[in-house]
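Here the structure is laid out as structure tokens; the discussion comes afterwards.
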Amino acid sequence: MNMTDIIAKKRDGGTLSEAEISFFITGVTNGSIPDYQSSALLMAIYLKKMKPRETTYLTRCMMESGDQINLAKIPGTKVDKHSTGGVGDKTTLVLTPLVAACGVPVAKMTGKGLGHTGGTMDKLEAFAGIRTALNQAEFIKQVKKLGLAVSGQSGNLVPADQHLYALRDVTSTVDNLSLISASIMSKKLASGADAIVLDVKVGNGGFNPTVAAARKLAKTMIRIGEQMDRKTVAVISRMDQPLGRAVGNSLEVIEAIETLKGNGPKDLVDLSIELGVQMLLLSGKFSNKTAAKKVLKQQLKSGAALKMFKKFIKAQGGDIAGIKDYERFPGAKYTLEVMAPKSGWINGLTARTIGLGSMKLGAGRQKKTDPIDLGAGIYLHKKIGEKVKTGERLATLYTNRKKTLQEVEDLITPAWSIGTRAVKAKPVVVEVL
Ligand code: URA
């Protein structure tokens with residue numbers, strides 16, 4: 001078997017066998033296949049697509065390319081949650097302590113932000129001293145003791161994805177149904193959860209521009225999960241405007257804490273509760289959606305979820321004083337208010353533009369290796385459905401890079417579309433599959 005024949009087969013629209021996909025992934029992992037051949041095959045897959053069975057083989061081979069975490073020592077059904085990525089998506093910070101407070105163990109592997117989207121690992125770094133790289137033994141011990149641990153990928157989890165994702169990023173081959181599904185599901189499967197809740201975003205802030213595209217991605221990932229004997233559910237949620245009002249790491253952490261204190265924005269609360277319901281149902285501890293929702297709301301209202309959050313930050317070495325005193329989080333030296341150019345009702349707010357603006361202020365990274373500024377970001381005073389007057393604040397920009405303020409103001413001001421008629425924001429949850 002050789003790569004030239006495999007590339008030619010896919011280029012001509014053929015179906016790759018399990019052995020051919022295994023040859024490719026093994027070669028990517030051990031470095032025997034040069035990047036130019038891997039890139040050529042990725043482009044052939046992008047253009048000619050993969051059949052469902054090829055996508056499943058690809059996922060399995062990628063999952064087996066490195067370590068696989070065994071969570072069997074933790075009693076109960078372990079349920080993981082994964083978001084396809086968005087702007088202002090701090091759901092993990094709210095949802096994981098909330099579900100853990102309901103008595104369901106949460107062992108969450110998480111990632112860093114890239115491009116206009118954020119990542120939970122970066123947000124957690126806002127807590128001084130926190131350890132986000134637990135080794136497997138520490139991770140399991142903490143979940144057993146506390147019921148919750150959140151860690152960056154430890155050890156050698158799906159090395160094939162690390163390499164392929166970097167190549168996809170620079171060869172314009174990220175946006176492909178099979179490649180996205182295999183990338184996400186291989187990592188979820190290798191992370192050891194028994195059941196998976198997927199938060200599939202729809203709208204310009206994520207990968208899927210339409211509900212039809214989001215549904216297709218959701219169904220592909222559900223099929224892969226089920227073929228690998230993991231109960232898998234997908235929630236399709238709106239990402240046409242940012243989630244909540246805060247975008248950027250410290251700002252999002254503060255909004256998540258406020259949500260755990262009972263003062264959260266409606267879209268973030270609604271999405272956290274819906275994802276929580278699905279996690280509780282998959283855990284097997286609840287069989288009824290209404291009962292699961294009631295318990296989640298109780299745990300949020302009673303402060304039990306906030307208490308769990310504190311314990312988890314402390315267990316991972318983070319300074320919990322920040323939960324009371326937000327001044328402890330990394331801040332920004334410079335701010336700028338973005339004003340409304342006219343009066344009316346906000347009928348659109350492009351999440352992607354806000355994400356790009358936040359990245360330029362320093363909150364995100366263009367390349368995986370770029371440093372980030374935890375204090376940078378954007379706070380949105382106006383979102384879809386709200387009324388605004390000329391000269392009123394649309395947003396506040398936060399940065400430590402003074403020079404970026406003007407550029408970002410110019411970039412993001414058109415993100416708000418202001419109309420003459422009142423509109424209502426659509427519910428954040430579109431459907432559950
Ligand atoms: N997230 C991933 O982990 N992989 C993709 O390919 C896309 C989003």
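The values are calculated or read from the model by the stated rules, or taken from the named source; none is laboratory data. What you are looking at is a predicted structure, and each value in this text was computed from that prediction instead of being measured. Backbone-built Cβ (ideal geometry, glycine too); neighbour counts: all protein chains shown. These area figures cover heavy atoms from the full protein model, side chains too; ligands, DNA and RNA do not enter into them. Shrake-Rupley method; radii C 1.70, N 1.55, O 1.52, S 1.80 Å.
Just checking, which of 9, 51, 90, 73 is touching a residue at least 40 places away in the same chain (Cβ under 8 Å), surrounded by fewer than 24 Cβ atoms within 10 Å (Cβ to Cβ) and not hydrophobic (A, V, I, L, M, F, W, C)?
Within the list 9, 51, 90, 73, the selection yields 73.
With respect to residue 269, is the statement that it is without any contact (Cβ under 8 Å) to a residue 24 or more places away in the chain, buried (at least 18 other Cβ atoms within 10 Å of the Cβ) and within 24 Å of the chain's Cα centre (by Cα) true?
So residue 269 does not fit the description; no.
Could you list, in sequence order, all residues of segment 102-137 that are part of a loop (DSSP other than H, G, I, E, B) and within 14 Å of the ligand (Cβ to nearest atom)?
Of everything in segment 102-137, those that are part of a loop (DSSP other than H, G, I, E, B) and within 14 Å of the ligand (Cβ to nearest atom) turn out to be 111, 112, 113, 115, 116, 118, 119.
Do we find a residue being more than 17 Å from the chain's Cα centre (by Cα), more than 14 Å from the ligand (Cβ to nearest atom), under 21 Å from residue 364 (Cα atoms) and open to solvent by 10 Å² or more (accessible area, probe 1.4 Å) anywhere in segment 233-250?
No, every residue in segment 233-250 fails to be more than 17 Å from the chain's Cα centre (by Cα), more than 14 Å from the ligand (Cβ to nearest atom), under 21 Å from residue 364 (Cα atoms) and open to solvent by 10 Å² or more (accessible area, probe 1.4 Å).
Scan 374, 397 and give me the residue that is in contact with a strand residue (DSSP E or B) (Cβ under 6 Å, 6 or more places away or on another chain), at pLDDT 95 or above and surrounded by 17 or more Cβ atoms within 10 Å (Cβ to Cβ).
Every option except 397 fails the conditions.
Restricting to segment 180-214, name every residue that is open to solvent by 10 Å² or more (accessible area, probe 1.4 Å), among the small types (Gly, Ala, Ser) and within 13 Å of the ligand (Cβ to nearest atom).
Correct list: 206 only.
Out of (1) modelled with pLDDT of 95 or more; (2) in a loop (DSSP other than H, G, I, E, B); (3) of a type in the set (Val, Ile, Thr), what's the single condition that is false for residue 197?
Every condition holds for residue 197 apart from (2).
Could you check residue 158 against (1) open to solvent by less than 10 Å² (accessible area, probe 1.4 Å); (2) within 16 Å of the ligand (Cβ to nearest atom); (3) in contact with a strand residue (DSSP E or B) (Cβ under 7 Å, 6 or more places away or on another chain) and say which number it fails?
Single failed check for residue 158: (3).
Being surrounded by 14 or more Cβ atoms within 10 Å (Cβ to Cβ) and modelled with pLDDT under 95 is the requirement here; does residue 354 meet it?
Against the criterion (surrounded by 14 or more Cβ atoms within 10 Å (Cβ to Cβ) and modelled with pLDDT under 95), residue 354 does not qualify.
So which residues in segment 41-62 are within 30 Å of residue 142 (Cα to Cα) and in contact with a Lys or Arg (Cβ under 8 Å, 6 or more places away or on another chain)?
The answer is none; no residue qualifies.
Residue under question is residue 153, and the condition is that it be open to solvent by 10 Å² or more (accessible area, probe 1.4 Å), free of Cβ contacts under 8 Å to residues at least 12 places away in the same chain and under 19 Å from the mean Cα position of the chain (by Cα); does it hold?
Criteria not met by residue 153.
Does at least one position in segment 186-193 carry a residue that is within 21 Å of residue 51 (Cα to Cα) and either outside the structural domain of residue 276 (by TED's automatic domain parsing) or among the hydroxyl-bearing types (Ser, Thr, Tyr) (or both)?
Looking for residues that are within 21 Å of residue 51 (Cα to Cα) and either outside the structural domain of residue 276 (by TED's automatic domain parsing) or among the hydroxyl-bearing types (Ser, Thr, Tyr) (or both), one finds at least one in segment 186-193, hence yes.
Tally up the residues in segment 19-46 that are in a helix (DSSP H, G or I), over 18 Å from residue 183 (Cβ atoms) and either open to solvent by less than 70 Å² (accessible area, probe 1.4 Å) or of a type in the set (A, V, I, L, M, F, W, C) (or both), please.
Qualifying residue count for the region: 5.
Among residues belonging to segment 215-232 that are charged (D, E, K, R) and touching a strand residue (DSSP E or B) at 6+ places or on another chain (Cβ under 9 Å), point out the one that is least open to solvent (accessible area, probe 1.4 Å).
In this case the residue turns out to be 230.
Working only within segment 310-320, note down all residues that are part of a helix (DSSP H, G or I) and either within 23 Å of residue 400 (Cα to Cα) or open to solvent by 50 Å² or more (accessible area, probe 1.4 Å) (or both).
310, 311, 314, 315, 320
Considering every residue within segment 413-424, establish whether at least one is touching a residue at least 60 places away in the same chain (Cβ under 8 Å), assigned to a helix (DSSP H, G or I) and open to solvent by 50 Å² or more (accessible area, probe 1.4 Å).
Within segment 413-424, one or more residues are touching a residue at least 60 places away in the same chain (Cβ under 8 Å), assigned to a helix (DSSP H, G or I) and open to solvent by 50 Å² or more (accessible area, probe 1.4 Å).
Return the residue satisfying two criteria in turn: it lies in segment 82-110 and is within 11 Å of residue 191 (Cβ to Cβ) and under 9 Å from the mean Cα position of the chain (by Cα), and of such residues it is modelled with the lowest pLDDT.
Among those residues, the one meeting the criterion is 110.
How many of the residues in segment 167-179 are within 11 Å of the ligand (Cβ to nearest atom) and in a helix (DSSP H, G or I)?
Counting residues in segment 167-179 that are within 11 Å of the ligand (Cβ to nearest atom) and in a helix (DSSP H, G or I) gives 5.
Yes or no, residue by residue, for (1) of a type in the set (Lys, Arg); (2) within 23 Å of residue 156 (Cα to Cα); (3) in contact with an Asp or Glu (Cβ under 7 Å, 6 or more places away or on another chain):
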position: 186; (1), (2), (3): no, yes, yes
position: 200; (1), (2), (3): no, no, no
position: 207; (1), (2), (3): no, no, yes
position: 227; (1), (2), (3): no, no, no
position: 234; (1), (2), (3): no, no, no
